[in-house]
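Data first, discussion second: the structure below is written as structure tokens.
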Amino acid sequence: MALRPEYLMEAFELGTFMLAACTFATLLGHPSSPVVRLLPDPFARRMTMGLAMGFTAVGLIYSPWGQQSGAHFNPSVTLTYLRLHKIDRSDAVAYVVAQFVGGVVGVGLAAILLGRLVAHPAVEYAATQPGAAGIAVAFLAEALISFVLMSMILFASNQPRLARHTGWIAGALVVTYITIESPISGMSMNPAWSFASALVGRHWTALWIYFSAPLIGMFAAAELRVRLRGASSVLCAKLNHHGRRRCIFRCRFAELGDTR
């Protein structure tokens with residue numbers, strides 16, 4: 001298996017996302033943070049966190065590296081595109097490994113830079129854990145938000161008028177989920193995110209939810225897309241195919257004469 005630069009890009013993207021998540025979680029969650037005193041309302045802080053992480057996701061998706069790698073930075077997204085036969089198995093395996101490694105490096109770097117602040121129980125390395133409603137509700141919530149996210153990605157990225165806006169749609173959902181849904185499940189949708197925070201922080205509470213529910217939700221979205229529109233309606237595994245960055249996927253844009 002040839003080593004592709006896209007693997008490093010995927011690791012960098014999730015590493016950057018996790019460093020940002022830990023940094024903003026510290027600013028908006030640690031009791032000694034001036035931002036906490038400025039925004040005492042938990043809902044306002046969740047909305048601020050959502051905006052911060054939503055714009056981080058959008059920035060990564062539209063960055064040169066995100067445009068080239070496809071900006072998955074999530075094993076569930078990569079494996080869903082494998083299920084849809086849009087990525088080779090060897091590339092999918094390398095993507096997933098890179099995402100896990102990148103996530104751990106990102107949280108580890110946050111631990112070095114932020115020290116005890118990011119380890120505080122109110123922050124816990126941006127860990128994703130079930131809320132007061134319990135494990136079963138957290139599982140269902142993770143599956144549902146993952147289903148909606150992948151459904152919207154598959155819909156937008158394969159529509160000529162919406163394709164270039166797919167990253168913004170995904171970012172808007174991240175904002176909404178963190179603001180509204182995070183008290184229920186922690187809002188992960190990403191096994192590599194949950195694993196990285198759990199590994200560095202040694203908090204393994206219900207980790208199985210974040211490995212299974214996002215994948216189930218996204219696979220269900222892919223199955224629905226195939227049944228309604230056919231497998232050929234999924235043109236590529238990139239969230240953002242606008243531009244001229246190279247594409248390593250089983251891409252149909254080229255045969256359609258469309259680079260979007």
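What follows draws every value from the coordinates through simple rules; no lab data is involved. Treat the numbers as computed from the prediction; the structure is a model and nothing was measured. All Cβ positions, even for glycine, are placed from backbone atoms using ideal geometry, and neighbour counts span all protein chains on display.
Classify region 64-160 as rounded, prolate or oblate, taking a ≥ b ≥ c as the square roots of the eigenvalues of its Cα gyration tensor: rounded when a/c is under 1.5, otherwise prolate if a/b is larger than b/c and oblate if not.
oblate
When the dipole is taken about the Cα centre of region 5-233, and only Lys, Arg (+1) and Asp, Glu (-1) are charged at their Cβ, what size is it in debye, to the nearest 20?
300 debye
Per 0.36 nm of contour for each residue apart, how much would the distance between V93 and V35 grow if the chain were fully extended, relative to their Cα-Cα spacing?
16.9 nm
Which ordering of L239, L84 is given by a fewest-first count of other beta-carbon atoms within 10 Å?
With the sparsest Cβ surroundings first, the list reads L84, L239.
Rule-of-thumb check for the chain: C-alpha Rg over 2.2 N^0.38 Å?
Working it through for the chain, the quotient is 0.97.
Which value in deg cm²/dmol, rounded to the nearest 500, describes the helix-derived mean residue ellipticity at 222 nm for the chain, given -39,500 (n - 2.57) per DSSP H run of n ≥ 4 and division by the residue count?
That calculation yields -21000 deg cm²/dmol at 222 nm.
Please list, in order along region 130-143, the HN-Hα scalar couplings obtained from phi with the Karplus expression 6.51 cos²θ - 1.76 cosθ + 1.60 (θ = phi - 60°), rounded to whole Hz, x for Gly and Pro.
Using θ = phi - 60°, the values come out as x, x, 5, 6, x, 5, 4, 5, 4, 4, 5, 5, 4, 5 Hz.
Amide H neighbours of S188 under 5 Å, counting only residues 5+ apart in sequence or on other chains, H built in-plane at 1.01 Å?
Answer set, sorted by chain and number: none.
Hey, what do the phi angles of region 16-22 turn into as Karplus ³J(HN,Hα) couplings, whole Hz, using 6.51/-1.76/1.60 and θ = phi - 60°, x for Gly and Pro?
Once θ is set to phi - 60°, the couplings for region 16-22 become 5, 4, 6, 4, 5, 4, 5 Hz.
Simple spin-label model, 7 Å along Cα-to-Cβ: L224 to T205 in nm?
Once both label points are built, they end up 3.0 nm from each other.
Could you give each residue of region 190-207 its phi-based ³J(HN,Hα) in whole Hz, using Karplus coefficients 6.51, -1.76, 1.60 with θ = phi - 60°, and x for Gly or Pro?
The phi angles translate into 9, x, 5, 4, 4, 5, 4, 5, 5, 5, 6, x, 6, 10, 9, 4, 6, 4 Hz.
Can you list the residues, at least 5 places off or on another chain, whose amide H is less than 5 Å from the amide H of D88, using H built in the peptide plane?
Those lying under 5 Å, H to H, from D88 are R250.
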